[in-house]
Amino acid sequence: MRKFIAVVKREYVQRVRSKFFVVATVLGPLLMAGFTVVPALMLGIKSGGPTRLAVVDQTGKMYERVAKELTSGKKTADDDEDQPPDQPPVGSNNPKERVEQSGKLFRANYLVEQVPLQGRAIEDIRKDLETRIQNRELDGYVVLPPNLLKEGQAEFRARNAADLFTNNYVAGAISSAVRGQRLAERKIDENFVEAASQRVQLKTTGAGGTESKGAAGFYLVFGVGFLIYMTVLLYGQFVLGAVIEEKETRIAEILFSSIRSFPLMMGKLVGVSLVALTQLGIWAMAFLIFSAWAAGGSSIRLPHIPPVMFVYFIVFFLMGFFIYATVYAVVGSMVTTTQEGGQLALPVVLMLVAGLYLSFNIIRSPNSSLAFWASMFPFFAPITMLVRIVTETPPLWQILLSLGIGFATIVGLVWLASRIYRVGMLMYGKKATIPEVWLWVRQS
């Protein structure tokens, strides 16, 4: 026991004192905020001045309506079919829909001018406008053909054709203007149609009648699963790297002369797990401080997280860490170089990725048969069961069964790894094959 504690202390102190631990602890929350908050803030920044557009109206009656729609900065009629602009785009698999929803997070200023025809040919007008675009006097121009109200097709020439936000906004403005003109020609009150077309506000409630946080709830569920995925993968790689380093430098020969292989391996796993818990504890304290600040009058709204969720997170993190870290320790003892370790560990990483991808289906249907069996499979359960708990807490017996299967798997993996670890760590210059590994298990 004294030697086991010494190994745990060595692994813990050595890694906590490293620069990587300090940098990762500080930059971890900053990177998470950078990938979530910063893009939303950048979308709201208006830069480069107003967008300058010229309108060529061949219909003779659409310019005023189009100019009004473009310069009003309000939602167009097409926007009403989607979610409100103050919510970030969530859950859409259609790239066009994601672009449209992202574009609604901000609305640029527009300066619109009318280009008089004056009997000129449309091609001559195009040449003049092209020259103005080349001279950066315009950002684009719109051509409204004579049959616009019948065919419903206009032309937009932009200097930056890759600006999909502006393209979609101009298309929506023209569509609203055409719709209004069509209603006016049929003697239909536009104001009545606009009032009748207002969106219905849907208030979503969760279990027990509590108000749902909408997109914030989705990000919470996905963020929990992603955090488990990243931490288990990161610290599992630490174990793999440490084992390969000891094998390459032949420090294992010296260690095995004073301590048995099983307490050495377990000490390494426990020490690295304590490092992970320390880092997660620091992040949890930072989150609590941020939550207290947000609750003290800030405009930032955070979803309510019951304290029991933190307990579930720690338990399932430990289960996932010991499952994968034990496999990583076995992989490290079987290979001779870091490159071989990375190749052999690829299936382990794929299992973690599979568990993360399954969480998308589980978020939509947390009580389905797929969700149940995915949360029982020990290599997926650290992510999938935790996602089920955060989304819609399953019965207690399912949580206990998942934990029971997971910790039974840990015991079996540790027993198997202890039989492979010592022999594998003392093997040099030879790649271990599956029959040889099975022979180690039988002879140990």
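The values are calculated or read from the model by the stated rules, or taken from the named source; none is laboratory data. Note that the structure is a prediction, hence the values are computed from the model and not measured. Because the Cβ atoms are built from the backbone with ideal geometry, glycine has one as well, and the counts that use them run over all protein chains shown. Please note that ligands, DNA and RNA were not included when accessible areas were found on the heavy atoms of the full protein model with its side chains. Shrake-Rupley method; radii C 1.70, N 1.55, O 1.52, S 1.80 Å.
General remarks:
- Karplus-derived HN-Hα couplings along segment 146-153 (A = 6.51, B = -1.76, C = 1.60, θ = phi - 60°), whole Hz, x at Gly and Pro: x, 9, 4, 5, 8, 7, x, 10
- Centre separation in Å (Cα based) which lies between segment 126-173 and segment 56-71: 12 Å
- R0 of 35 Å, Cβ-Cβ distance residue 310-residue 259: FRET efficiency to nearest 0.05: 0.50
- Sequence of 419, 17 from largest to smallest accessible area, 1.4 Å probe: 17, 419
- With 21 Å as the limit on Cα-Cα distance, the pairs of 61/187; 19/247; 68/127 that go past it are 19/247; 68/127.
- Nearest-10 value in Å² for the accessible area of residue 249, using the 1.4 Å probe: 80 Å²
- Residue 415 sits with roughly 140 Å² accessible to a 1.4 Å probe, with DNA, RNA and ligands left out of the calculation.
- Backbone HN-Hα couplings from phi across segment 374-382 [Karplus 6.51/-1.76/1.60, Hz, Gly and Pro as x]: 5, 7, 8, 5, x, 7, 9, 4, x
- Note on exposure: 176, 258 ranked by accessible area (1.4 Å probe, complete protein assembly) read 258, 176, with the most exposed listed first.
- With the simple spin-label model, which puts each label point 7 Å out from Cα in the Cβ direction, the residue 136 to residue 290 separation comes to 3.9 nm.
- Residue 182 accessible area, assembled protein chains, probe 1.4 Å, Å²: 90 Å²
- Long-range amide H partners of residue 51 with built H, under 5 Å: 109, 110, 111
- Accessible-area order (highest first, 1.4 angstrom probe) of the listed residues 185, 123: 123, 185
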